[in-house]
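So the structure is just underneath, and the comments pick up after that.
No lab work stands behind these numbers, since they all come straight from the coordinates. Here the structure is a predicted model, which means the values were calculated and not measured. Cβ coordinates were reconstructed from backbone atoms using ideal geometry, including for glycine residues, and neighbour counts include every protein chain displayed.
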Amino acid sequence: MSWSDRCPTFSVVQPPSLMLNRIFGLETEYGLLIHKDRPDHSPTWFAHQIRDHLFHVQRRGVLDLHHRGHDEPPGNGGFLRNAGRVYLDMGHLEYASPECHSLTDIVASDRAGDRLLQHAIEDLGFSDDVSLIKNNIDHETDATFGSHENYLVSRRFPFSRRGMAPLVAHLVTRQIFTGSGRVGSAGPQDAWIQMDRLIIPRAALNTRAGARLPFQISQRADFIVNDFFEWVQHNRAIVNTRDEPLADPNQYRRIHLLLGDSNMTEYATALKLGTTGLVLQLIEEGHAPQELEIDEPVEALQEISQDQERQWLIQLRSQKTMSALDIQEQLLDAAMRHCKGQDEETDWVLTQWETLLGDLRGDYQKLVGRVDWASKLWLLECFREAERLDWHDPMLKSLDLEYHNLNQTKGLFYGLLEEGRVPRVTTDTLIGLAMDQAPKNTRAYGRSELVKYLLGSWSGIDSDQSADSERLFPPYVINWSIFQVRGRAPFPMPDPFKTYVEDVRTHLQDVIA
Amino acid sequence: MKPSTMPERREGPVDPMPQSPRPEEGGGPRRQETGSPEKDNLMKRMRKVDPKQAERYRQRTGE
């Protein structure tokens, strides 16, 4: 029996079609909802239990034995059999998908992360005590936490304000189908905002500060206060400018986006990544429309999200006023002309993008099941009508939260799914495979081989109890683009498009010998 | 990334991405067919939600 026979991956079950020369990645920070008024344990305690169960009991991966950074001591997290990562970040459980070369794979890999953590909760018997919430806000304290997207582009990508104007136009307007929606709005952020060439306190804008909105279409829009910036926890920007390719820096750049919402619908996840991937391609190839530069993109982002009439009008640098739908249609038109027919996944994205924009011009209820904000708004409106509640009733915030509950017997999104109102982009079988299998056509495949080898070789090592010598000279160090097994030379993996799998096997054979 | 400068990575033959059912094909929203969620289990799910849970959901700011 060959290795591939014994170890099928989801690409064997359902061969993915590939979006041309693109690597996708998603990072999700989860919230934990404790159900007791006076709980015995904190959310952080539960997060530690879930992580430890995943690695020590379920043996889904190997914990780091070295310091990855000042806030990532040994044992804080580790790489998984599927070559993704689970770790604690700012007190949140976070899952980073493996590198994926198709939308099919990235959607399955993202959902695999949800399921890995939810299964750990159920396995621990914690289901009645805590819920895993895949959202981006806390209504009470205005805390926010992210869903980060990663797109590999060429180092020649025009990473300048002018070069990225079409990308910004897309990112500001795509929320009309990628937003997850929320009840209310966040208070003024402690941040500085760019207005023309001035940097001023955001609170000084006095635009919607203090206004109590019933509902807006994006969770993250209120927290984005810059157009370009490198920080990730303060002064969050539409485009994060940190240059960390996690690959050969001479060939690649990683576009890192943190303005998006976590999506519950697979359809919105696929369209978010698919349309953004195509806009990046238009820019790379010099075909992106240049006349769509938005005058004040941060303001536009928030105005679109909060527009109760859903007119979504914004002003361009040219002083022309356009709607978000018009801008999206221009981007779609350019993608139709230059990208159509290049691969099957691109054609799927183009078809669905066109359909979605058409439906967005009609009643929002047509989008229920495909677009998260529309699905949530419909549920809330039905409940409000039945119970005769006004928008300020606290129950609506609780329902908002429940939409994102990953417990399939409770979560409102899963209620919609159960009712047959939600189209699927992947299958439960593929998600199940993606929990322990890496895509077979990226660097993740080689890393997955390493993790499985280590799980079989270093089963006795406990990051909490390992000796000082183990901490100083850990048996293994794994990172996204390089690893080292003790006693061997470092093994670089600078090309995310390469699997390295045969080289990794040879390297590990040498270790065994 | 221009195809001419990047190696072609496709591992054909490949199957098309699963087609999302169009609403009229039965996989999408069916608001017009079934009316409000009062007629199905969605309203039951919503009524089971703890009204105070949003107050209890206190998270740290992340990234």
Fill in the blank from the handout: Helix-only [θ] at 222 nm, chain A, -39500 (n - 2.57) per DSSP H run of 4+, per residue, nearest 500, equals -11000 deg cm²/dmol
Practice task
Can you tell me the 0 to 90 degree angle between the C-alpha axis of helix A:324-339 and the longest principal axis of chain A, rounded to 10?
Solution key: 50
Practice task
Please go through the range A:346-449 and write out the chymotrypsin sites (Phe, Trp or Tyr not before Pro) that DSSP classes as loop and that have at most 15 other C-beta atoms within 10 Å.
Solution key: A:TRP391
Practice task
At 7 Å along the Cα-to-beta-carbon direction for both A:ARG317 and A:HIS48, put a label point, then send me their distance in nm to one decimal.
Solution key: 5.1
Practice task
Could you work out how far helix A:43-52 tilts from the main Cα principal axis of chain A, as a 0 to 90 degree angle to the nearest 10?
Solution key: 40
Exercise for the section: Quote to one decimal, in nm, the extra length available between A:ALA489 and A:HIS35 on full extension: 0.36 nm per residue of separation minus the C-alpha distance between them. Expected result: 158.5 nm
Exercise for the section: Report the calculated FRET efficiency for A:ASP363 and A:ASN479 (r = Cβ-Cβ distance, R0 = 41 Å), to the nearest 0.05. Expected result: 0.25
Fill in the blank from the handout: For chain A the mean separation of alpha carbon contacts under 8 Å (6+ apart) over residue count, i.e. relative contact order in percent, is 21
Practice task
Using a cut-off of 12 Å between beta-carbons, work out the net charge of the residues near A:ILE327 (Lys and Arg +1, Asp and Glu -1, A:ILE327 not included).
Solution key: -3
Handout entry: lysines with Cα under 18 Å of A:LYS397, excluding same-chain neighbours fewer than 8 positions away
Key = A:LYS36, A:LYS134, A:LYS376, A:LYS410, B:LYS44, B:LYS48, B:LYS52
Completion exercise
For the range A:287-402 the mean separation of alpha carbon contacts under 8 Å (6+ apart) over residue count, i.e. relative contact order in percent, is 15
Completion exercise
So, over other residues within a Cβ distance under 11 Å of A:ARG447, counting Lys, Arg +1 and Asp, Glu -1, the net charge is +2
Fill in the blank from the handout: If A:ASP510, A:ASP326 are placed from fewest to most neighbouring beta carbons inside 10 Å, the sequence is A:ASP510, A:ASP326
Completion exercise
With Cα coordinates, the longest principal axis of chain A makes an angle with the long axis of helix A:443-457, in degrees rounded to 10, of 40
Problem - Residue-span extension gain [A:LEU389 to A:THR506] - 0.36 nm each, minus C-alpha spacing - result: 35.6 nm
Practice task
Mind giving me the FRET efficiency for A:ARG310 and B:ASN41? R0 is 35 Å, r the Cβ-Cβ distance, nearest 0.05 is fine.
Solution key: 0.75
Handout entry: Gained length - A:HIS56 relative to A:THR241, 0.36 nm times residue gap less alpha-carbon distance
Key = 63.0 nm
Handout entry: Inter-label distance, nm, simple model (7 Å from Cα along the C-beta direction), A:ARG156/B:ARG56
Key = 5.7
Problem - Nitroxide proxy distance, nm - points 7 Å out along Cα→Cβ at A:LYS498 and A:LEU455 - result: 2.6
